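Below: one structure, written as structure tokens.
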Amino acid sequence: MLSLRAHLPQDDAVPLGSYFKLFNASGREIPYQLLEAKASVVRKRRQYRNVPEGYRSRYYRVACSLRLPACGYTTVFAEPIASRGPGPGEPI
């Protein structure tokens, strides 16, 4: 079991209750447990020869089970998904 941390760009077009799916290098979905989520985290970045700038991101910490090769690494992809709330007259 591993604990992963990710800062994903905050997109105002995507609702706040949205999350993501994790995929391994072969495209299989990885089940995970969300341990922590923060909506708006300000981070700094400095592009080459530019003044540092701040940007907003969403912070997630998840636990998942991964296969790692001996003395190696693996690739994990995060794909955002939008969760839709109940519409008018729909049960909660």
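The values are calculated or read from the model by the stated rules, or taken from the named source; none is laboratory data. In this text, all values refer to a predicted model and were calculated from it rather than measured experimentally. Reconstructed Cβ throughout: ideal geometry from the backbone, glycine too, with neighbour counts over all protein chains shown.
Points worth noting:
- Pair list, Cβ under 6 Å, 6 or more apart: the stretch 20-47 residue under 15 Å from Leu2 (Cβ atoms), other residue of a type in the set (Lys, Arg): Leu35/Arg61; Glu36/Arg61
- Count of residues meeting criterion [under 23 Å from the mean Cα position of the chain (by Cα), farther than 19 Å from Arg5 by Cα and either not in a strand (DSSP E or B) or not charged (D, E, K, R) (or both)] in the stretch 48-67: 1
- Residue within the stretch 68-78 that is at pLDDT 80 or above, of a type in the set (A, V, I, L, M) and in a loop (DSSP other than H, G, I, E, B) present: yes
- Within the stretch 1-41, being within 14 Å of Phe77 (Cβ to Cβ) and either at pLDDT 80 or above or in contact with a His (Cβ under 8 Å, 6 or more places away or on another chain) (or both) holds for Phe20, Lys21, Leu22, Phe23, Asn24, Ala25, Ser26, Gly27, Arg28, Glu29, Ile30, Tyr32.
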